[in-house]
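Please read the structure below before turning to the comments.
The values are calculated or read from the model by the stated rules, or taken from the named source; none is laboratory data. Bear in mind that the values here come from a model prediction, so they are computed numbers and not experimental data. Cβ sites come from the backbone with ideal geometry, for glycine too, and all protein chains shown count toward neighbours.
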Amino acid sequence: MTAASERSFTYPTSEDFAASLGAGFKLASSDDEFDASLIGCDIDMRTETTESFSLTFRATPSTAEQGLYRVTHEGLGEFDLFVVPVARTVDSVDLQAIFNLTTDLSEV
């Protein structure tokens, strides 16, 4: 990927993720790969230029750790997310990603 194409990438919005609640995602790192379901999309703040929200994924195995993962979803594509475990049971772990997105002010 070139520097120009990296700058043109746009993450899905909270509405895109909310429409995918319950859907399956694949998370992969250099050490691990596993399936996860999107179980939460919580909007913290939205203005004309900023959107802050969090996502919660439920993954098995319960050994998934904090880190940077390549996330793949059939409709939303592929993108990198840093996730942090926020709850763990014997069978699963809930992983959270936080988004603070800003609109390109030159387009406003």
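Against the list (1) without any contact (Cβ under 8 Å) to a residue 40 or more places away in the chain; (2) closer than 17 Å to T10 by Cβ; (3) of a type outside the set (V, I, T); (4) not in a strand (DSSP E or B), the condition L21 fails is (2). For segment 58-108, the strands (runs of 3 or more DSSP E) that sit wholly inside it and include 3 or more residues that are over 13 Å from K26 (Cβ atoms) are 77-88, 93-102.
From the list E65, E51, E74, E78, the one residue that fits, being within 19 Å of F17 (Cα to Cα) and surrounded by 12 or more Cβ atoms within 10 Å (Cβ to Cβ), is E51.
No other residue among T89, T103 is at pLDDT below 85, of a type outside the set (D, E) and either surrounded by fewer than 16 Cβ atoms within 10 Å (Cβ to Cβ) or under 15 Å from T10 (Cβ atoms) (or both) apart from T103.
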